[in-house]
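Q: Here it is, the structure, as structure tokens.
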Amino acid sequence: MSGATPRFARGRSATYSVQAAAAGSVSTTSVRWAVSGGAPLGERLGHFFRGIGVPILEGYGLTETSGASTANSLRRYRFGTVGPGMKGVEVRLDEDGEVLIRGRHVMRGYFNQPEATAAVFTPDGWFRSGDIGRLDADGFLSITDRKKDLIITAGGKNVAPQNVENLLKASCSYLSQVVMLGDRRPFCVALVTLNEEVCLKWSAERGHPAADSPALAALPAMQDEIRAAIGALNDRLAPHERIRNFRILERDFSIESGELTPKMSIKRRLVEERHGEVLDELYGRTMEAL
């Protein structure tokens, strides 16, 4: 959307019927619109909900900013963004892409923690969000990563891994998790895990003998599918953002195994440590092939 009033917001408010089939039963509920925050909705999911007549309005904020700082509205809306700054809120990007916020809604500081407070404010009073983002010409903000997860390659290029990871997962239903790595390395690689349910169905339809994730990961045809998805994505990325090689891990990440937080976020450094030998082999093989 380009900021114009979207079709679903024009005219008299309507009630939309959303039907969901599960376990052989159909339930119906009336929804006009909804608000989403806390994690990226995903552009494809946003288009889906708009397609069934229920716009999902994404917003963005932190505890330190007393809630939302930016938000889409029915009158100003753009897929894949968290909207423009709300009334009285200023948003800009630092030189490294970090989102900076200023306004009366921003906290004065952390209680009895002057050093921590000083660390999150610029000298001219902007709050450092810790998130990396993009601002378009109309002021719509997109969050691409956490600053602490930013990859800086050996060549000094900055890569926001979550942006690439989410694009790959959205384009390849065979994948469950993607971890892009490459900090202080000459290029980026990825460790991926499989969506076992989807991949077992794929295997059965093609007559491949695979009963679980380790067997699926070893299938050359499965590896070719992932390689093709990565290749298609690489064509859309800048050279320093491209995934040069990958490895399918034999099991998915989980909270129990420690690679996921209770919020289902990946513990990137832990994954990197646990699979250090795999990464060294990936880089070694890729360097030989260059």
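The values are calculated or read from the model by the stated rules, or taken from the named source; none is laboratory data. Everything numeric in this text was worked out from a predicted model, so none of it was measured. In this analysis, Cβ positions are derived from the backbone assuming ideal geometry, glycine residues included, and neighbour counts consider all displayed protein chains.
Q: Evaluate the following for R244: is it surrounded by 17 or more Cβ atoms within 10 Å (Cβ to Cβ) and either in contact with a strand residue (DSSP E or B) (Cβ under 8 Å, 6 or more places away or on another chain) or in contact (Cβ under 8 Å) with a residue 24 or more places away in the chain (or both)?
A: yes
Q: With the structure loaded, tell me whether V178 is touching an Asp or Glu at 6+ places or on another chain (Cβ under 7 Å), of a type outside the set (S, T, Y) and part of a strand (DSSP E or B) or whether it fails that test.
A: When the stated conditions are applied, V178 passes them.
Q: Go through (1) within 22 Å of the chain's Cα centre (by Cα); (2) closer than 29 Å to R268 by Cα; (3) not in a helix (DSSP H, G or I) one by one and return the number of the condition L45 breaks.
A: (3)
Q: Restricted to the range 77-118, and to residues that are crowded, with 20+ Cβ neighbours inside 10 Å and among the basic types (K, R), which residue is nearest to V159 (Cα to Cα)?
A: Only one residue tops the list, namely R78.
Q: Does E272 satisfy the criteria of being surrounded by fewer than 14 Cβ atoms within 10 Å (Cβ to Cβ), outside any strand (DSSP E or B), over 17 Å from the mean Cα position of the chain (by Cα) and of a type in the set (D, E, K, R)?
A: no
Q: Does D252 satisfy the criteria of being in the same structural domain as R184 (by TED's automatic domain parsing) and part of a helix (DSSP H, G or I)?
A: So D252 fails the test.
Q: From the list L216, L237, pick out the single residue that is assigned by TED's automatic domain parsing to the domain that holds L282, hydrophobic (A, V, I, L, M, F, W, C), at pLDDT 90 or above and assigned to a loop (DSSP other than H, G, I, E, B).
A: The match here is L237.
Q: Look through E64, E43 and report the one residue that is at pLDDT 50 or above, in the same structural domain as S129 (by TED's automatic domain parsing) and under 29 Å from F121 (Cα atoms).
A: E64
Q: Also: When you scan the range 111-131, how many residues do you find that are more than 27 Å from the chain's Cα centre (by Cα) and closer than 23 Å to M86 by Cβ?
A: Number of matching residues: 2.
Q: Give the residues of the range 57-74 that are buried (at least 17 other Cβ atoms within 10 Å of the Cβ) and in a strand (DSSP E or B), sorted by residue number.
A: Passing the criteria: L57, E58, G59, Y60, G61, L62, A68, S69, T70, A71.
Q: Right, here's the next one. Checking the condition closer than 16 Å to A229 by Cα and part of a strand (DSSP E or B), which residue from V198, V164, V189 passes?
A: Just a single option satisfies the conditions, and that option is V189.
Q: Let me ask something additional. When you go through (1) modelled with pLDDT of 95 or more; (2) more than 26 Å from the chain's Cα centre (by Cα) one by one for L141, which number turns out not to apply?
A: L141 satisfies all of (1) modelled with pLDDT of 95 or more; (2) more than 26 Å from the chain's Cα centre (by Cα) except (2).
Q: Ok, one more. If we keep just the residues of the range 119-151 that are in contact (Cβ under 8 Å) with a residue 60 or more places away in the chain and part of a loop (DSSP other than H, G, I, E, B), which is surrounded by the fewest Cβ atoms within 10 Å (Cβ to Cβ)?
A: D138
Q: Still on this structure, I have one more. What pairs can you find where one residue is in the range 36-59 and in contact (Cβ under 8 Å) with a residue 24 or more places away in the chain, the other is acidic (D, E), and their Cβ atoms are less than 9 Å apart, with a gap of 6+ or different chains?
A: G37/E58; P40/E58; G46/E58
Q: So which residues in the range 208-241 are within 23 Å of T144 (Cβ to Cβ), surrounded by fewer than 18 Cβ atoms within 10 Å (Cβ to Cβ) and touching a strand residue (DSSP E or B) at 6+ places or on another chain (Cβ under 7 Å), if there are any at all?
A: Of everything in the range 208-241, those that are within 23 Å of T144 (Cβ to Cβ), surrounded by fewer than 18 Cβ atoms within 10 Å (Cβ to Cβ) and touching a strand residue (DSSP E or B) at 6+ places or on another chain (Cβ under 7 Å) turn out to be N234, H240.
Q: Out of (1) in contact with a helix residue (DSSP H, G or I) (Cβ under 9 Å, 6 or more places away or on another chain); (2) over 15 Å from V89 (Cα atoms); (3) among the β-branched types (V, I, T), what's the single condition that is false for T122?
A: (1)
Q: Here are the criteria: (1) over 22 Å from A39 (Cβ atoms); (2) touching a residue at least 12 places away in the same chain (Cβ under 8 Å); (3) of a type outside the set (S, T, N, Q); (4) out of contact with any His (no Cβ under 8 Å at 6 or more places or on another chain). Tell me which single one P220 does not satisfy.
A: (2)
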